[in-house]
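Structure record follows, encoded as structure tokens.
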Ligand SMILES: Cc1cc2nc3c(=O)[nH]c(=O)nc-3n(C[C@H](O)[C@H](O)[C@H](O)COP(=O)(O)OP(=O)(O)OC[C@H]3O[C@@H](n4cnc5c(N)ncnc54)[C@H](O)[C@@H]3O)c2cc1C
């Protein structure tokens, strides 16, 4: 026997946050195939908290995570992870509308011009969502891993799952280096590889699809941008936010289906991003300072999957976090933790319907 009650496959934000939640109760090992945790999607996000994002089932997870991110428990972090920025949702047509319960204020053309001097005339309406914030993703991920280790968890990097089989004494897990571990509970927190891991464990994949998204750090002939709000097209064709005094992070809002991989940006997506940006403001584009891409992985209904598999005993899904896996991680890990431990939910998530996230919805 391996001596572990739970093995979590994947050391991104999903695996780390769930690990932090359960390590005090179950001897838990995180195995991560890369040499450091957070190399894939978690290390490539746009790092914002936007409560209106992700649809009506995801929004309560974001809302229930806000207090933790803003003012975490002292033993988790001495400082919060959010830096208020605000979001400006632009429209060429009707007024954008936020889901019920999320604060927003309409902004007319004169105020749009004040917030975004040089904005093209067709952007005539906007909605300001003041609670949008930057997330210090590296600090948050590190704090989850720190709590996990402090509670007795163990992390092995450079340790990828090759295959696993369910035997009478639990899951026998084979690793890249030929070693084997046995555990009663195997957690699939493998991000873009969630379906691959399932198949390699002889579990029916759920259709978790990785989709590539590109971000460009663009230097522009304009200053005073650091605190620029997150600016997006309400119809979903771009977003950008200030990075330094004269640069922005810009995304063409791409969503390109791809196999799981070490994603890299494509020239065409960078060009599309710049083209769309030039259709929003008249700011001169000086150069691309850097660019990167990452994979956002979605279940067929774009709702994350937390819970035990319907057919494979002890196989627990923690996958499909799409474009909101960072901002939902505090509440999602509490929800997944209570399901895995079969324990009452934390009060902050007691109102959330767990069934909506169950893998059984695909049965
Ligand atoms: C460009 C971009 C912008 C984004 N912006 C935001 C944002 O602003 N806010 C937000 O909340 N979210 C955002 N997201 C989404 C967020 O980054 C993801 O939802 C989140 O990081 C998913 O975390 P994860 O742990 O599931 O995946 P990952 O971080 O990818 O971790 C999965 C890990 O599993 C490991 N693994 C895979 N197979 C195996 C195996 N066989 N054995 C061992 N280990 C394995 C991988 O190496 C990987 O490290 C963005 C994503 C992208 C790409």
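Values in this text are rule-based calculations from the coordinates and carry no lab data. What you are looking at is a predicted structure, and each value in this text was computed from that prediction instead of being measured. For neighbour counting, all protein chains shown are included, and Cβ atoms are generated from backbone atoms with ideal geometry for every residue, glycine included.
Brief remarks on what is shown
- Alpha-carbon centroids, region 290-363 and region 46-107: separation in whole Å: 19
- When the alpha carbon coordinates of region 226-290 are projected onto the principal axes, the ranges are 36, 27, 19 Å, largest first.
- Panel order for 154, 21, 122, by other beta carbons found within 10 Å of each beta carbon, from fewest to most: 122, 154, 21.
- The chain: relative contact order in percent, alpha carbon pairs under 8 Å with at least 6 residues between: 22
- Most fluctuating residue given options 113, 266, 78, as computed from a GNM of the chain linking Cα atoms under 10 Å: 78
- For the pair residue 142 and residue 237, a Förster radius of 41 Å applied to the C-beta separation gives a FRET efficiency near 0.75, rounded to the nearest 0.05.
- Counting only DSSP H runs of at least 4 residues, each contributing -39500 (n - 2.57), and dividing by the residue count of the chain, the helix-based mean residue ellipticity at 222 nm comes to -6000 deg cm²/dmol.
- Taking max minus min of the alpha-carbon positions on each principal axis, the chain gives extents of 68, 42, 40 Å, largest first.
- For region 291-363, average projected area of the Cα convex hull in nm²: 5.6
- Counting neighbouring Cβ atoms within 10 Å and putting the fewest first, the residues 269, 353 line up as 353, 269.
- Fraction of the pair-distance distribution of region 11-95 above 23 Å, Cα-Cα pairs, percent: 39
- Förster-model FRET efficiency, 41 Å R0, residue 354 and residue 92, C-beta, rounded to 0.05: 0.55
- Between residue 176 and residue 149, residue separation times 0.36 nm minus the direct Cα-Cα distance comes to 7.4 nm.
- In degrees, nearest ten, helix 59-70 long axis to first principal axis of the chain (Cα): 90
- Helix 267-278 vs. the chain, principal-axis angle (Cα, 0 to 90°, nearest 10): 40
- When its C-alpha radius of gyration is set against 2.2 N^0.38 Å (N residues), region 1-159 gives a value of 1.31.
- Relative contact order of region 126-262: 16 percent, from C-alpha pairs under 8 Å at least 6 residues apart in sequence.
- Taking other C-beta atoms within 10 angstrom as a stand-in for reagent exposure, 351, 253 fall in the order 351, 253, fewest first.
- Over all orientations, region 89-131 has a Cα convex hull whose mean projected area works out to 2.9 square nanometres.
- For region 165-262, a/c is not less than 1.5, where a ≥ b ≥ c are the root eigenvalues of the C-alpha gyration tensor, and a/b tops b/c. That puts it in the prolate class.
- Our summary of shape: the Cα atoms of region 194-312 have principal axis extents of 57, 24, 22 Å, ordered from largest down, in whole angstrom.
- Using alpha-carbon coordinates, inclination of helix 13-22 to the longest axis of the chain, degrees: 50
- Within region 21-40: backbone nitrogen closer than 14 Å to the residue 157 label point (7 Å, Cα to C-beta): 30-40
- Each Cα pair under 8 Å and six or more residues apart adds its sequence gap; the mean of these over the residue count of region 129-190 is a relative contact order of 18 percent.
- Normalised size of region 102-247, defined as Cα radius of gyration per 2.2 N^0.38 Å with N residues, equals 1.59.
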